[in-house]
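Okay, structure first, notes after.
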Amino acid sequence: MFKTDHRLMGEKEANNSRKNVQMQEINKRPRINLPALRDFLSQFPGKFQRHLKSRFKRPTETEGANRDIFKLKDANFSLEKQMQAWKKNPVWDDDQPPSIEVVVPEGSLCQVNVKTKVGLPPDAVYNIVTDPDNRRVFKNIKEVLSRKVLLDEGSRQIVELEQAAIWRFLWWSGTISVHVLVDQNREDYSMKFKQVKAGFMKRFEGSWRVEPILLDEKLCHPFKPKTLSEYMSCTQCNGRIASKVTLQQLVEPAIVPPPPISWYLRGITARTVEVLINDLVEEAARIKGVSATDLVTTNLNLDQALSNEIQTLDIKERWALRRRNSRVKERKDRF
């Protein structure tokens, strides 16, 4: 007969008890989500590379253009100090007219894309564009009907805005209410606007963007400034900062009219945006104390009248050409 060893049985029971306690402690611990961990590890190299590229991106623009690494936000050189360089040398001989492109997306009347340069720092240009009372600058705004700040995060604001805009068509003129949400962000000098609800206009949206241009960067040659402090230092505070302004505006009425009316309306829309840009350039000249005639050589009222005549003539010619082509095509089809 075998005798039972009570000591061994007691040790086994104690070991089993300790194992049970350990298993309970392990079960209480939060478990690792293995699929999520695998996804994170697989995506981490790509995200890390993109982060490094964004942090150490090399400039690709030509000399004097904006660069991603160029930091315009510098407490040591406020807008007032940046303007002092323009006060010393207010005239900028930039003879390039605004670049205006009119495209026709499917279902829309037109989209107007404008690029121009303005002889003021981005902060000053952005102040003009986002000024609640900018109707004194832009002649196509008759009045501001309402303005409500929905979100204010300091450098970024979301504003609900309703304005009465002036319109002209042939011999008629009047005002139309433009009700938009505006998302403006001073960190990157951008502003996006979009119509609140459809009405006469099915879609009305677009964006402004302002970027810095280092006009006097050649004074730093061969040194390449990477910050505003470096630029102002190497130019002995005489370096001027201008702005590249980009405006994109999409217009889609509830009913897109057929030619030739649609051609005429596209011309009016493009002309309205052009006047808007001219108003901005004139205001920049006023702020610098330069006569507007030094920068804008055409009289806007006269130019408006001539432009309307040219637009009408152009439409008539295109319509006549289209009719002639249709008749020629009909003759060819007969034979």
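Summary table
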quantity	calculated
Test: residue in the range 222-241 that is more than 28 Å from Lys192 (Cβ to Cβ), of a type in the set (Phe, Trp, Tyr), outside any helix (DSSP H, G or I) and modelled with pLDDT under 90	yes
Residue match in the range 264-274 (condition: closer than 14 Å to Thr116 by Cβ, in a helix (DSSP H, G or I) and touching a helix residue (DSSP H, G or I) at 6+ places or on another chain (Cβ under 7 Å))	no
Candidate set from the range 275-291 (those that are among the β-branched types (Val, Ile, Thr) and in a helix (DSSP H, G or I)); member that is nearest to Lys115 (Cα to Cα)	Ile277
Number of the condition not met by Leu228 [criteria: (1) touching a residue at least 60 places away in the same chain (Cβ under 8 Å); (2) touching an Asp or Glu at 6+ places or on another chain (Cβ under 9 Å); (3) within 22 Å of Val256 (Cβ to Cβ)]	(3)
Leading residue by the ranking (nearest to the chain's Cα centre (by Cα)) among those in the range 117-148 that are more than 26 Å from Arg240 (Cβ to Cβ) and free of Cβ contacts under 8 Å to residues at least 24 places away in the same chain	Pro132
Residue ID - surrounded by the fewest Cβ atoms within 10 Å (Cβ to Cβ), chosen from residues in the range 196-218 that are among the hydrophobic types (A, V, I, L, M, F, W, C), at pLDDT 85 or above and not in a strand (DSSP E or B)	Val196
Hits in the range 82-94 - residues which are of a type outside the set (S, T, N, Q), surrounded by 14 or more Cβ atoms within 10 Å (Cβ to Cβ) and not in a loop (DSSP other than H, G, I, E, B)	Met83, Ala85, Trp86
Among residues of the range 242-283, those that are among the polar types (S, T, N, Q), modelled with pLDDT of 90 or more and either more than 17 Å from Ile128 (Cα to Cα) or surrounded by fewer than 18 Cβ atoms within 10 Å (Cβ to Cβ) (or both), counted	3
So Ala305, is it more than 22 Å from Gly119 (Cβ to Cβ), assigned to a helix (DSSP H, G or I) and modelled with pLDDT under 85	yes
In the range 168-195, the residues that are more than 18 Å from the chain's Cα centre (by Cα) and crowded, with 17+ Cβ neighbours inside 10 Å	Val178
Single condition Gly199 does not satisfy, out of (1) farther than 25 Å from Ile261 by Cβ; (2) out of contact with any Pro (no Cβ under 7 Å at 6 or more places or on another chain)	(1)
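For every residue, the table says whether it meets (1) more than 20 Å from Thr235 (Cα to Cα); (2) modelled with pLDDT under 60; (3) acidic (Asp, Glu); (4) more than 20 Å from the chain's Cα centre (by Cα).
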site: Ala65; (1), (2), (3), (4): no, yes, no, no
site: Lys81; (1), (2), (3), (4): no, no, no, yes
site: Val91; (1), (2), (3), (4): no, no, no, yes
site: Lys115; (1), (2), (3), (4): yes, no, no, no
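The values are calculated or read from the model by the stated rules, or taken from the named source; none is laboratory data. The structure presented is a predicted model; accordingly, all values stated were derived computationally and were not measured. Positions of Cβ are generated from backbone atoms using ideal geometry, with glycine treated the same way; all protein chains shown enter the neighbour counts.
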